[in-house]
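Just below is one structure, and these are the notes that go with it.
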Amino acid sequence: MNKNIRLAFVGVGNIAEQHMRYLRDFSDVDIVGLYDIDDKILRIRQHQFGGEIYRSINRMLEVQEPDAVFICVPPYAHGEAEVSCIERCIPFLVEKPLSNNINTAKELADKVHESEVITCAAYMNRYRRGVQKAKIFLERYPASLVSGGWLIDTPSDHPWLTQRELSGGQLVEQTTHLFDLVRYLCGEAASIHCYGSKGFVHPNDTYDVDDATTVSIQLKSGAVACIQSSWSAGFERDIYLKLFGPNISVEFKNWDLDTKIVCRDYLVPLEIPGEKDIFAIEDRAFLNAVKYNDPTRILSNYEDGFRSLQLSLAANESLETGGPIQLTDLQRYSK
Ligand SMILES: NC(=O)c1ccc[n+]([C@@H]2O[C@H](COP(=O)([O-])OP(=O)(O)OC[C@H]3O[C@@H](n4cnc5c(N)ncnc54)[C@H](O)[C@@H]3O)[C@@H](O)[C@H]2O)c1
């Protein structure tokens with residue numbers, strides 16, 4: 001592709017703005033179209049970053065003929081944008097989680113598979129240098145135990161976020177990043193069992209989710225993982241993933257996943273600070289995949305993102321049933 005990449009956005013809220021702040025510095029990218037159901041936010045983003053405003057996705061795609069689309073809508077709003085892109089074979093990056101509904105995501109995964117359109121599921125942590133380095137070492141020295149946590153205060157900035165029906169809850173909305181890393185670094189899960197706690201944060205019109213959960217995962221490799229989540233950690237924010245094996249320990253800490261690897265191959269621990277501009281790194285990988293028609297540059301495509309969503313939704317199902325979910329046995333959880 002010799003010309004600039006023409007980019008359109010569906011959903012221009014918080015995460016879209018974060019992407020746009022990096023994209024405006026990419027000299028080979030033009031933001032040409034903006035679509036959202038909220039007129040006010042559309043005008044704000046147009047003022048900040050340019051692009052034509054549309055009130056129909058299909059109209060935007062017809063008129064602007066973008067080379068790629070960023071889909072940045074909340075979990076409950078997926079479907080229309082993806083189908084519109086797939087029908088026109090327009091590559092798209094879609095924010096995680098891919099949906100809060102397994103059937104919607106499965107239908108879309110099947111359509112993506114048939115169309116062979118280039119897709120990127122925005123699990124951006126896969127692009128971190130620390131994660132890449134750890135992956136190489138863990139292939140050689142596998143982990144027997146994974147322990148992770150996403151423990152933060154009750155979110156109040158997005159009313160949809162803390163409503164189970166709209167977001168899927170924390171397991172689907174946030175901890176999915178950790179589930180994705182467990183899969184990426186240790187392989188697929190065989191079964192999952194989740195317990196939740198309620199009643200510590202008072203429910204209201206926009207809060208009906210579990211306050212905290214703990215998830216046990218049996219991995220096909222034989223390893224086990226324990227992932228904890230909390231939207232009720234009022235004072236001590238903690239995001240981490242630790243992996244242990246006979247010959248290795250890996251620690252990822254904080255939102256940026258500052259990395260420390262201790263293993264047989266190093267006399268001293270290997271420390272890799274987490275990148276502050278991870279969205280720019282992810283966006284560049286996706287846009288280069290589009291520019292050079294080379295999907296191998298993308299570390300998580302739609303189908304891969306679907307499998308991470310399966311894990312989050314299976315954890316939710318376990319929360320409801322009170323029992324373990326065998327991922328291998330259930331049609332809706334298998335591809
Ligand atoms: N990768 C990350 O680390 C990361 C960080 C933040 C958010 N996200 C994800 O991005 C998604 C959006 O989150 P956000 O923080 O930007 O939320 P937001 O509420 O700030 O923005 C969402 C936007 O989508 C619009 N919208 C809703 N329904 C729509 C529809 N049917 N069509 C078009 N637009 C619609 C809303 O009007 C809003 O402007 C979520 O799934 C979230 O998990 C990912």
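The values are calculated or read from the model by the stated rules, or taken from the named source; none is laboratory data. Please read all numbers here as calculations on a predicted model, not as lab measurements. Ideal geometry is used to build each Cβ from the backbone, glycine not excepted, and the neighbour counts take in all protein chains shown. SASA here: full protein model, heavy atoms, side chains in, ligands and nucleic acids out. Shrake-Rupley method; radii C 1.70, N 1.55, O 1.52, S 1.80 Å.
Rounded to a whole number, what is D in µm²/s for the range 244-328 from Stokes-Einstein with the Kirkwood radius over alpha-carbon pairs (25 °C, 0.890 mPa s)?
Using the Kirkwood radius from Cα pairs, D works out to 149 µm²/s.
Determine the percent antiparallel among the DSSP beta bridges restricted to the chain, to the nearest 5.
Values: 40 of 66 bridges.
Rounded to the nearest five, the antiparallel share is 60 percent.
Measure nothing fancy, just the Cα-based angle from helix 129-140's long axis to the longest principal axis of the chain, in degrees from 0 to 90, nearest 10.
Here the helix axis deviates by roughly 50 degrees.
Alpha carbon centre of the range 159-224 versus the range 117-134: separation in Å?
Using only Cα atoms, the two centres lie 20 Å from each other.
Counting only protein heavy atoms and using a 1.4 Å probe, what share of the accessible area of the chain belongs to carbon plus sulfur, as a whole percent? Could the numbers behind the result be given before it?
Working: 7210 of 14990 Å².
C and S fraction of accessible area: 48 percent.
Under a 1.4 Å probe, what is the accessible area of the chain per residue, stated in Å²?
Result: 45 Å² of accessible area for each residue.
Mean 1/r over all different Cα pairs, inverted: what Kirkwood radius does the chain give, in Å?
20.6 Å
Extending each Cα 7 Å along its Cβ direction at LEU145 and GLU271, get the distance between those two points in nm, one decimal.
Inter-label distance under the simple model: 2.4 nm.
Under a plain spin-label model, where a point goes 7 Å from the Cα along Cα-to-Cβ, how far apart in nm are VAL83 and LYS260?
Spacing of the two 7 Å Cα→Cβ label points: 5.0 nm.
So if a site counts as exposed when it's one of the GluC sites (Glu not before Pro), its DSSP state isn't H, G, I, E or B, and it has at most 11 other Cβ atoms within 10 Å, what's the longest stretch of the chain without one?
Between the exposed loop sites, the longest stretch runs 117-235.
Suppose R0 equals 22 Å. What FRET efficiency, 1/(1 + (r/R0)^6) with r the Cβ-Cβ distance, do HIS158 and GLU236 give to the nearest 0.05? Numbers along the way, then the final one.
Values: r = 22 Å, r/R0 = 1.01.
E(calc), rounded to 0.05, equals 0.50.
Loop-only trypsin sites (Lys or Arg not before Pro) in the range 1-34, please: DSSP not H, G, I, E or B, and at most 15 other Cβ atoms within 10 Å.
Working: sites: LYS3, ARG6, ARG21, ARG24; in loops: LYS3, ARG24.
Of the trypsin sites (Lys or Arg not before Pro), the ones in loops of the range 1-34 whose Cβ has at most 15 other Cβ atoms within 10 Å are LYS3, ARG24.
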